[in-house]
1. Give, as a single signed number, the net charge of other residues whose beta carbon lies under 15 Å from the beta carbon of residue 173, with Lys and Arg counted +1 and Asp and Glu -1.
2. Using alpha carbon coordinates only, what is the Rg to Rh ratio of segment 495-560, with Rh defined as the Kirkwood radius?
3. Excluding same-chain residues fewer than 8 positions from residue 122, which lysines have a Cα within less than 26 Å of its Cα?
4. Tell me which of 454, 130, 204 sits at the most positive position along the dipole axis of the chain, charges placed on C-beta atoms (Lys, Arg +1; Asp, Glu -1).
5. Give me the tail of P(r) for the chain as a percent: Cα-Cα pairs with distance above 40 Å.
6. Over the Cα atoms, compute the radius of gyration (one decimal) and Dmax (the largest Cα-Cα distance, rounded to a whole number) for segment 431-587, in Å.
7. At a Förster radius of 35 Å, what calculated FRET efficiency corresponds to the Cβ-Cβ distance of residue 60 and residue 240, to the nearest 0.05?
8. I need the Debye-formula profile for segment 80-187: one equal scatterer per C-alpha, no solvent, reported as log10 I(q)/I(0) at q = 0.13, 0.15, 0.19 1/Å, two decimals.
Amino acid sequence: MKQLSFNLDSNSELTSLLADPELGRWAERASAMLVQIYSAQQEPEWLESIAAAILARYPQARVVGASTVGEIHLGHTLTGSTVVGVTLLESSGVETLFLPCKRGDEEHTAKELLQILAQRLKVAGLLLLTTSTTFNANTLIAGLNRGRLAYPVFGGGAADYGRVKRSLVLHQQRCRDSGVVAVIFKGDDLHIDCHSYLGWRALSRPMIATEVKGLTLTLLDNRPAFEVLARYLNIANDERFHLNCLEFPLMVTRGKHTLARTPISVCRDRSVEFFADIRQGEEVRLGYGDPRMIIRDARQVHDKMTRFAPEAVFLYSCGCRRFLMQEQVELETLPFAKLAPTTGFYTYGEFYGNGEDLLLLNSTMVAVGLREGEAPPARETLRDPPEEAAELVDDPYANQHLRIMGRLMHFIDAVTDELQQASHELEEKTTVDKLTQLPNRVQMEELLTQEILSEERYGRPFSLILMDIDNMAEINDRHGRLIGDEVLAETAQLLSAHTRRTDMVGRWEGGTFMVILPDTQLAEAKVAAVKLYAMFGQTHFTHGEHCTASLGVAQYPPDYSLEQMISRVRQSLSRAKQGGGDQVNTLN
């Protein structure tokens, strides 16, 4: 195998590429020739003209490409350029194809690609290039996962230098602005070593993705998603929203994977659209890149790839890494060029699969090593940092902003931990009733608000039970407050033991307790209330007596406010009290 990389800024450099003697010699005897073209140019004519010139000189070549948000040439990061990587195989094969795909077609496209792959023998790997801004790449990946692909899958989404409007993929001599380019690597002699690493860490407190629609996060902690981002990041809803969010993705832990999710734009309802999926109910945190973690992870992958001994290296890195690292971004890319000629680009989303689940990633580097034949005798693993990374550690004056960022990240972590601990302690004090260890009125009102939102959005009914211990003041007067407190604590235990796991029990005030019953109609709530009434009346309390209680039951009527619903169940309880107590009243 031979990998060659060219940087084209003009037609004269294209002429030099076509006349390159080493390329010509290898092309004559190559079993397959793959050309990857990655360009900052958004004009299809430029990419198509390069492809046409290469195919005129080398008609056997398979040509693919994409528009970018930065180009990688021999480990160096370029901007505003066009990079051409040529992979010449000696005994293996390459097949390329283009599949049209627009929003709504993702599952069909995935099925079509799986059918093609199932007919191919000796597949060694799959490269994907997509126009991720024109369809839901997450749905495409979910469809491909049904095929349980047992070989490495890698690649990235075409970009457009932060505009997030129109990206291009190239197949042979034609550019498209919507679709998938697939490169199928074939052969028993072809070995592919694929790795991904993130280097981002969570900063903020945990938040819950309350409502999600497709790739759009509508509510975060029950608030419009944009309001939350604006509060923490001080960003505006303008044309630079995506660029201002690049360094601050939302972090999600899903199984054994920590994933970053990068915002794209703000919708009219102040929801936020993302490149990749966030699932409803997931816990998310704002994240930020840690340069030292990035360099550390790059070293680890570099060492692993050293043992693999690649003959070619492909890099697919999220555009936000270049945005974060600035002129130091080559600290993670240049070491790979010491192993083998390196080609790649900065993406809108990265694809990574290594025989397990295929993932759509953000903010990630995907590094791919390729080799034909067996590896040569093991090289000595680099135990010391690569030269560029060593500079970060040893030179007291080099890369100062990375040093400062590393210290700042540590400081933020420490402060965040302290604030979370203080918040947890305060929350316990403000939302948990100290005597009964049940949610207090503040927390119950919050839970009620969530149930009202669920009913409004999904039509999920719920009901309330408000129970008051009869003659609680008399118990305190006769036996003292300590005995009265014991009655309250035992009542809390009884209610918790005789309600469903999905029900929510809390102390409302004094001797009054509330039970929220999700997904429960009035008739079912009445049955539950009668059961609690009977259990309470049969209980022999610590002070040696039985007690009675009055219970009010009501179902939430659509469009009622929190205050109206509380008033409604209070009315039901009042009727039970007015009837002499020791009974259940249901408000129809």
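1. Details: positive: 57, 62, 174, 176; negative: 43, 45, 48.
Computed value for this residue: +1.
2. Working: Rg = 13.0 Å, Rh = 13.1 Å.
Using Cα coordinates only, the ratio equals 0.99.
3. Here the lysines satisfying the reach criterion relative to residue 122 are 2, 111, 186, 304.
4. 130
5. Working: 72751 of 172578 pairs.
Everything past 40 Å amounts to 42 percent.
6. 15.0, 49
7. The computed FRET efficiency comes out at 0.20.
8. Relative scattering, expressed as log10 I(q)/I(0), comes to -0.49, -0.66, -1.02.
The values are calculated or read from the model by the stated rules, or taken from the named source; none is laboratory data. Given the structure is predicted, the values throughout are model-derived calculations rather than measurements. Virtual Cβ from ideal backbone geometry, glycine too; neighbours counted across all protein chains shown. Note: accessible area is taken over every heavy atom of the protein model, side chains too, but ligands, DNA and RNA are not part of it. Shrake-Rupley method; radii C 1.70, N 1.55, O 1.52, S 1.80 Å.
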